[in-house]
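One structure is given below, encoded as structure tokens.
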Amino acid sequence: MFYDGMFDCLDGFKEKLKWTKPLYGEAFDFLKKLAGPENVAKLKVTLGAPEWYHFRHGKYTYEATAYASDDDYFADLIQIYRDEFRDLYARGCRHVQIDDPILVSFCDEKLRQLMLQEGVDPEALLDTYIRVLNGCIADKPSDLLASVHICRGNVRPDRQPFIWGPYNRIARKLFMDLNFERYYLEYDTEWAGTFEPLHYLPRNKHVVLGLVTTKSPELEDLVALRGRIMDAAEVIAHGEVPRPVEEALDQYVEMPHGHVLLKL
């Protein structure tokens, strides 16, 4: 669902932001009917990143008459996400995902330089966004899975990403400070760099590597995919907290035919 209608449904911007009605409740109820009761637990709702507007507009994100500071603005936005998650949970949703194309912007050297030119400290801003994301899920029920997709963009006609640079710059904070349980990454091109950032993946979190691309019509070689899966597991196994390779493999989110692929 991403951003479609999300911010449009909120009251505010010229005044304080408020959650006054469900943002995705009607869509989730419709999806439940299609999936059937036996599949409701498998459904996932994807929401836009709370820092989306702020990253693009900075001090012009909100009216000065509405908020005195970014902290005040984000406090209301955090509450909106909490209210939405609470409503979705009551409807039976057990998996929410933030689609976040902002966090990976801190990997891009050109974008970091633009931030500095505007007098913005990239590391301080990244810390703020991580705090906001953590705030959104701080009071979620324990059986509501919270995942995040670190998106690089995939809509340009030349199939080039919007964001360049490996995950290395943000890896420690991404995996150790961000309190999400599952990470959807994009390792389907050379622009993503090596698996070295997975060195920081804690033992209690899971990851989807994103090895199969939608940017090219050519299919990946299964043997090569298996090799990359094992390479990533080796990095995880020799991470900040060492663990057996078998345990590292268990930190991948299980997908259909995954075990068959590993046996090739």
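The values are calculated or read from the model by the stated rules, or taken from the named source; none is laboratory data. Bear in mind the structure is a predicted one, so any value in this text is a computation, not a measurement. Glycine also receives a Cβ, built like all others from the backbone with ideal geometry; neighbour counts cover every protein chain displayed. When the accessible area is computed, the model is the full protein with side chains, heavy atoms only, and any ligands, DNA or RNA have been set aside. Shrake-Rupley method; radii C 1.70, N 1.55, O 1.52, S 1.80 Å.
Here is the figure for the range 104-136: residues that are over 17 Å from residue 50 (Cα atoms), in contact with a helix residue (DSSP H, G or I) (Cβ under 9 Å, 6 or more places away or on another chain), among the aliphatic types (A, V, I, L, M) and in a helix (DSSP H, G or I) total 3. Restricting attention to the range 8-60, the residues that are within 24 Å of residue 146 (Cβ to Cβ), assigned to a loop (DSSP other than H, G, I, E, B) and not aliphatic (A, V, I, L, M) add up to 8.
Note on the range 25-41: among residues that are in contact with a strand residue (DSSP E or B) (Cβ under 9 Å, 6 or more places away or on another chain) and open to solvent by 50 Å² or more (accessible area, probe 1.4 Å), the one that is farthest from residue 128 (Cα to Cα) is 31. The C-beta contact set for the range 203-230 (first residue at positive phi, second residue among the acidic types (Asp, Glu) and part of a loop (DSSP other than H, G, I, E, B), distance under 7 angstrom, 6+ apart or interchain) comprises 210/186; 210/188.
Under the condition of being β-branched (Val, Ile, Thr), open to solvent by 10 Å² or more (accessible area, probe 1.4 Å) and out of contact with any Lys or Arg (no Cβ under 9 Å at 6 or more places or on another chain), which residue from the range 42-77 is modelled with the highest pLDDT? Before the answer, list the steps.
Applying the first criterion (β-branched (Val, Ile, Thr)) to the range 42-77 yields 45-46, 61, 65.
Restricting the remaining residues to those that are open to solvent by 10 Å² or more (accessible area, probe 1.4 Å) gives 46, 61, 65.
This time we only want the ones that are out of contact with any Lys or Arg (no Cβ under 9 Å at 6 or more places or on another chain), so: 46, 61.
Values: 46: 94, 61: 89.
The residue in question is 46.
When 179, 168 are checked against the criterion of being surrounded by fewer than 19 Cβ atoms within 10 Å (Cβ to Cβ) and part of a loop (DSSP other than H, G, I, E, B), 179 stands alone in meeting it. Each residue in the range 116-136 was checked for being farther than 13 Å from residue 74 by Cα, in contact (Cβ under 8 Å) with a residue 40 or more places away in the chain and in contact with a Leu (Cβ under 8 Å, 6 or more places away or on another chain), and 1 of them qualify.
For the range 126-134, state whether one or more residues are hydroxyl-bearing (Ser, Thr, Tyr) and modelled with pLDDT of 95 or more. Yes, the range 126-134 contains a residue that is hydroxyl-bearing (Ser, Thr, Tyr) and modelled with pLDDT of 95 or more. Within the range 135-158, the set of residues being open to solvent by less than 30 Å² (accessible area, probe 1.4 Å) and modelled with pLDDT under 95 comprises 150, 151, 152, 153.
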